[in-house]
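Peer 1: Encoded as C-alpha cells, here's the structure I'll be asking about.
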C-alpha cells in the first residue's frame, strides 16, 4: 500500500482491479489549521490509456501494482511508433506515440538510462531518468557579456522541446533538463 503523500510521477497503482500510472500530481496545502493537504492526481489507465483525475488526502492509501522494472535503450522512431531495446535480453519492442505523450520530448536516439515497467508480458510504459542531456538546435545568438544570472531566452532542442535557458548559451551546446518539470538545470 502507498500513501497519497508518498505518490510520485511514474508510480503504478491499482484503482479498482486495473493498473494506473501517475502522470501528474498537484499538491494543495490548506491555509486554515486543522485541515489536511489535498493531492490532485491524474492517472492513465495502463490497458485503456484513459485518463482519470482523483483527489486524495495525505493519509489515503492505494494498492501498488505488481510490476518489474527493466533497463532499456531508446533506438529510433518511425511511423509505427517508438522502438526500444531491453538491455537484459536484447529484445526490441515498439510503443505507439500516444502511449508516450509526456516522454516523447525528452527522447533522443540511442538514449540509455530508461526503464520499462513490465507486468507479466505486457509493457505498461517507460520511466525517464530525472535529468537528461539535450543539444540546443535553435536559439537566439548568445549575447556578449551576458552573465549566468541574467535573463532567459527560449531554446529549441533537437527533439523539439522548448526550454528557457540563460542568454549566454548558443546553438550546438548541450544542456541538462529536468524531465519532471521540463526546466533547464545546467550546462552539460
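The values are calculated or read from the model by the stated rules, or taken from the named source; none is laboratory data. Keep in mind the model is a prediction, meaning the values are calculated, not measured. A quick note on method: Cβ atoms are made from the backbone with ideal geometry, for glycine too, and the neighbour counts reach across all protein chains shown.
Peer 1: Tell me which residues, restricted to the range 1-43, are assigned to a strand (DSSP E or B) and touching a residue at least 60 places away in the same chain (Cβ under 8 Å).
Peer 2: Of everything in the range 1-43, those that are assigned to a strand (DSSP E or B) and touching a residue at least 60 places away in the same chain (Cβ under 8 Å) turn out to be 2, 12, 19, 21, 23.
Peer 1: Name the residue that is surrounded by the fewest Cβ atoms within 10 Å (Cβ to Cβ), counting only residues in the range 45-57 that are touching a strand residue (DSSP E or B) at 6+ places or on another chain (Cβ under 7 Å) and not in a strand (DSSP E or B). Step through it out loud before you land on a result.
Peer 2: Kept after step one, since they are touching a strand residue (DSSP E or B) at 6+ places or on another chain (Cβ under 7 Å), are these residues of the range 45-57: 45-47, 51-57.
Imposing the further condition that a residue be not in a strand (DSSP E or B) reduces the set to 46-47.
On the way: 46: 21, 47: 10.
Checking each candidate, the answer is 47.
Peer 1: Find the strands (runs of 3 or more DSSP E) located wholly in the range 101-141 whose residues include 2 or more that are closer than 22 Å to residue 172 by Cβ, and list them.
Peer 2: Of the strands (runs of 3 or more DSSP E) lying wholly inside the range 101-141, those with at least 2 residues that are closer than 22 Å to residue 172 by Cβ span 131-139.
Peer 1: Just one of (1) touching a residue at least 24 places away in the same chain (Cβ under 8 Å); (2) in the same structural domain as residue 120 (by TED's automatic domain parsing); (3) at positive phi trips up residue 49, so point out which.
Peer 2: Checking residue 49 against (1) touching a residue at least 24 places away in the same chain (Cβ under 8 Å); (2) in the same structural domain as residue 120 (by TED's automatic domain parsing); (3) at positive phi, the one that fails is (2).
Peer 1: Further, regarding this structure: Would a scan of the range 69-81 turn up a residue that is farther than 24 Å from residue 133 by Cα and under 21 Å from the mean Cα position of the chain (by Cα)?
Peer 2: Looking for residues that are farther than 24 Å from residue 133 by Cα and under 21 Å from the mean Cα position of the chain (by Cα), one finds none in the range 69-81, hence no.
Residue-by-condition table, conditions (1) without any contact (Cβ under 8 Å) to a residue 60 or more places away in the chain; (2) over 23 Å from residue 26 (Cβ atoms); (3) surrounded by 15 or more Cβ atoms within 10 Å (Cβ to Cβ):
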residue: 70; (1), (2), (3): yes, yes, yes
residue: 78; (1), (2), (3): yes, yes, no
residue: 91; (1), (2), (3): yes, yes, no
residue: 97; (1), (2), (3): yes, yes, no
residue: 101; (1), (2), (3): yes, no, no
residue: 104; (1), (2), (3): yes, no, yes
residue: 114; (1), (2), (3): yes, yes, yes
residue: 130; (1), (2), (3): yes, no, no
residue: 140; (1), (2), (3): yes, yes, no
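Peer 1: Could you please find all residues in the range 148-188 being part of a loop (DSSP other than H, G, I, E, B) and in contact (Cβ under 8 Å) with a residue 60 or more places away in the chain?
Peer 2: We begin by selecting, within the range 148-188, every residue part of a loop (DSSP other than H, G, I, E, B); these are 148-151, 158-161, 167-173, 179-183, 188.
Residues satisfying the conditions are 179, 180, 182.
Peer 1: Name every residue in the range 90-115 that is at pLDDT 85 or above and more than 25 Å from residue 188 (Cβ to Cβ), in order of residue number.
Peer 2: Listed by number, the residues that qualify are 90, 91, 92, 93, 94, 95, 96, 97.
Peer 1: Can you tell me which condition residue 179 does not meet? The list is (1) farther than 30 Å from residue 47 by Cα; (2) under 18 Å from the mean Cα position of the chain (by Cα), and all the others hold.
Peer 2: Looking at each condition in turn, residue 179 falls short on (1).
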